[in-house]
Amino acid sequence: MSEMKKEINAKEISPAVIKRLPRYYRYLGELVENEVVRISSKDLSERMKVTASQIRQDLNNFGGFGQQGYGYNVQYLYNEIGKILGLDRTNNIIIIGAGNLGQALANYNFEKRGFKTIGLFDANPRLVGINVRGIEIHDIGELEEFVKNNEVQLAALTLPKQHAHQMALELMSYGVKAFWNFAPIDLNLPDDVIVENVHLADSLMTLSYRIHSREEE
Ligand code: NAI
């Protein structure tokens with residue numbers, strides 16, 4: 001079956017679509033695992049509870065269509081979305097703050113998604129030397145040397161909020177350009193630095209709003 005494939009430039013895709021891509025990637029990944037070769041926008045829309053027209057609009061960015069009635073080639077779309085998300089490359093992560101959250105992140109294997117945790121760092125000497133899923137907790141004093149000797153694409157900030165901004169600046173001075181920030185503060189960093197904030201409490205507040213507005217109905 002001939003497929004329409006086009007060169008995809010991530011910059012041409014709107015941020016709103018990019019935000020939805022991880023979910024498509026997850027669903028398509030499950031289909032790949034279940035050896036599903038193709039799927040219609042209608043079937044995908046029923047699984048994902050998104051309208052078929054939204055799916056068609058979003059996935060039009062990626063080509064990968066067969067003839068009409070064929071639906072989407074699952075493996076092709078999965079690969080293309082993975083490339084757009086940069087998941088075909090490995091991104092090394094270091095985690096700063098090896099307490100409850102830092103260790104929980106290290107215990108989770110993000111490698112399937114292209115992220116490899118290569119080091120944990122903490123200021124508490126009692127934690128230094130401990131292994132978490134085979135990943136060593138280093139003294140924070142070793143940070144500069146470690147970053148200079150390893151490719152570090154991303155730093156997760158899981159330390160107390162009063163230290164987070166200073167730590168981000170220090171890491172930037174060693175060349176780290178992307179942060180996965182869990183500390184509950186807004187980092188004010190230059191435009192060429194990428195910051196993705198994860199605040200579970202924000203998500204809970206949205207949930208709270210939805211629970212209460214349902215009660216009021
Ligand atoms: P924790 O107290 O268990 O761990 C913090 C670790 O950071 C400790 O091991 C401490 O020794 C280390 N640390 C302190 N100052 C440091 C420094 N200057 N350099 C290196 N390490 C340093 O705390 P927990 O529960 O793991 O939380 C960590 C951070 O994540 C806090 O800022 C917390 O508010 C935040 N958090 C965010 C969540 C989110 O949804 N974004 C959820 C839970 C916690």
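Side notes on the structure shown:
- Crossing angle, helix 161-173 versus the chain [Cα axis fit, 0-90 degrees, rounded to tens]: 80 degrees
- Label-point gap, in nm, between ASN131 and MET48 - each point 7 angstrom along Cα→Cβ: 4.0 nm
- One Cα centroid belongs to the range 88-103, the other to the range 144-181; the line between them spans 10 Å.
- The apolar share of the surface of the chain, taken as the fraction of accessible area on carbon and sulfur atoms (1.4 Å probe, ligands and nucleic acids excluded), comes to 49 percent.
- Peptides ranked, highest mean first, by Cβ atoms within 10 Å: ranges 19-31, 154-166: 154-166, 19-31
- Helix 15-33 and the longest principal axis of the C-alpha atoms of the chain enclose an angle of approximately 80°.
- Per residue solvent-accessible surface (Å²) - the range 39-164, probe of 1.4 Å: 52 Å²
- Fraction of beta bridges assigned by DSSP in the chain that are antiparallel (%, nearest 5): 25 percent
- Using every pair of separate Cα atoms, the Kirkwood estimate puts the hydrodynamic radius of the chain at 19.8 angstrom.
- Positive contributions from Lys and Arg (+1) and negative ones from Asp and Glu (-1), summed over other residues with Cβ under 11 Å from the Cβ of LEU59, come out at 0.
- With each label modelled as a point 7 angstrom along the Cα→C-beta vector, the ASP202-GLU35 pair spans 4.2 nm.
- Summed side-chain charge close to ASN150 - residues other than ASN150 whose Cβ falls under 14 Å, Lys, Arg +1, Asp, Glu -1: -3
- Positive minus negative residues near PHE110 (Lys, Arg vs Asp, Glu; Cβ under 14 Å): +4
- In Å, descending, principal axis extents of the Cα set of the range 14-92: 40, 28, 22
- A 1.4 Å probe over all protein chains sorts GLU216, GLU142, GLU46 by accessible area into GLU216, GLU46, GLU142, starting with the largest.
- Eligible aspartates and glutamates near LYS116 by straight Cα distance, threshold 16 Å, same-chain separation 8 or greater: ASP88, GLU136, GLU151
- With a 1.4 Å probe rolled over the protein heavy atoms of all chains, the accessible area of MET48, MET205 falls in the order MET205, MET48, largest first.
- Axis angle, to the nearest 10 degrees, between helix 74-84 and the longest C-alpha principal axis of the chain: 40 degrees.
The values are calculated or read from the model by the stated rules, or taken from the named source; none is laboratory data. As the structure is a prediction and not an experimental result, all values here were calculated from the model. Neighbour counts run over all protein chains shown; Cβ positions are idealised from the backbone, glycine included. Note: areas computed on protein heavy atoms with side chains; ligands, DNA, RNA excluded. Shrake-Rupley method; radii C 1.70, N 1.55, O 1.52, S 1.80 Å.
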